[in-house]
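The block underneath contains the structure these notes are about, expressed in structure tokens.
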Amino acid sequence: NLVFLSLTANKIDDARLAEIADVMADGALSHLTDLYLPSNLIGSEGLAALGRAAERGALPHLKTLSLKSNLIGDDGLVSFARSVSNGRCPSCALYRLHVLHLSFNSITDVGVDALAEAIRGGALPWLHLLVVDRVTPSLKEVCRLRPDLDCSDPLPMPCRDLPEDKREACAQHEIAIYGECKTCG
């Protein structure tokens with residue numbers, strides 16, 4: 001009964017995560033409480049597949065999901081938000097999730113606001129920590145209404161400290177969000 005799984009930096013892409021999600025939807029890893037998938041190649045399709053699997057009953061005990069430093073965009077988070085909107089019952093989509101880490105992706109206000117709306121509607125009722133690149137006004141309002149929910153901007157890892165193949169993407173990501181690379185140094 002595996003409860004902790006870390007697949008950090010394993011070059012998992014959308015297709016591979018979709019395969020993993022399908023196996024999970026069939027009941028594999030049903031006791032998993034912590035799933036770490038940072039620093040992979042997961043994009044919007046991968047996150048959407050994970051959300052659909054959760055909607056079908058996968059990962060009923062999951063408490064921590066880390067997807068930081070991937071390639072996820074708004075389409076994936078909007079789809080994921082739709083899937084977890086069915087999380088109002090103890091056996092539904094990621095009902096028990098406590099921590100969701102989505103920073104250092106390509107998610108803009110559109111994706112964050114979709115997730116905020118899902119949470120406002122009752123999704124992810126046990127969520128205590130949500131880490132995204134930008135806390136939008138909509139998400140701030142949700143966090144105000146749910147004092148148990150900490151909506152945090154990530155502590156930036158300096159781009160210069162990343163592996164060489166990730167530095168340029170990090171700098172471009174920061175430029176897109178802040179207009180400059182704040183951690184390039």
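Values in this text are rule-based calculations from the coordinates and carry no lab data. All figures in this text were calculated on a predicted structure; none of them were measured in a lab. Heads up, the Cβs are rebuilt from the backbone with ideal geometry, glycines too, and the neighbour counts pull from every protein chain shown.
Assorted remarks:
- Long-range HN-HN contacts of Asp150 with modeled amide H, under 5 Å: Leu129, Leu130
- The alpha carbon centroids of region 1-38 and region 49-111 are separated by 13 Å.
- Classification of the chain by its C-alpha gyration tensor yields an oblate form. The axis ratio a/c (a ≥ b ≥ c) is 1.5 or more, and b/c is at least a/b.
- Computed over the chain, the per-residue total of -39500 (n - 2.57) for DSSP H runs of n ≥ 4 gives a 222 nm mean residue ellipticity of -12000 deg cm²/dmol, rounded to 500.
- Hits among aspartates and glutamates - C-alpha to C-alpha of Lys140 under 16 Å, sequence gap 8 or more where chains match: Asp109, Asp113, Glu117, Asp148, Asp150, Asp153
- At full extension, Cys184 and Asp22 could sit 54.4 nm farther apart than now, given 0.36 nm per residue minus the alpha carbon distance.
- Between Ala176 and Ser152, the simple label model (points 7 Å from Cα in the Cβ direction) yields a spacing of 2.4 nm.
- Mean Cβ count within 10 Å, highest first, over the residues of peptides 15-23, 63-71: 63-71, 15-23
- Multiplying the residue separation of Glu141 and His31 by 0.36 nm and subtracting their alpha-carbon distance yields 36.3 nm.
- Computed on region 1-94, with alpha-carbon pairs under 8 angstrom and 6+ residues apart, the relative contact order is 31 percent.
- Candidates Leu129, Leu162, Leu35, ranked by Gaussian network fluctuation over the chain, Cα under 10 Å, top entry: Leu162
- With an a/c value of 1.5 or above and a/b not larger than b/c for the gyration tensor axes a ≥ b ≥ c computed over the alpha-carbon atoms, region 1-58 is described as oblate.
- Cα-based shape type of region 82-145, given that a ≥ b ≥ c are square roots of the gyration tensor eigenvalues and the cut on a/c is 1.5: prolate
- Added length on full extension, which subtracts the Cα-Cα distance from 0.36 nm per residue, Thr8 to Arg134: 43.1 nm
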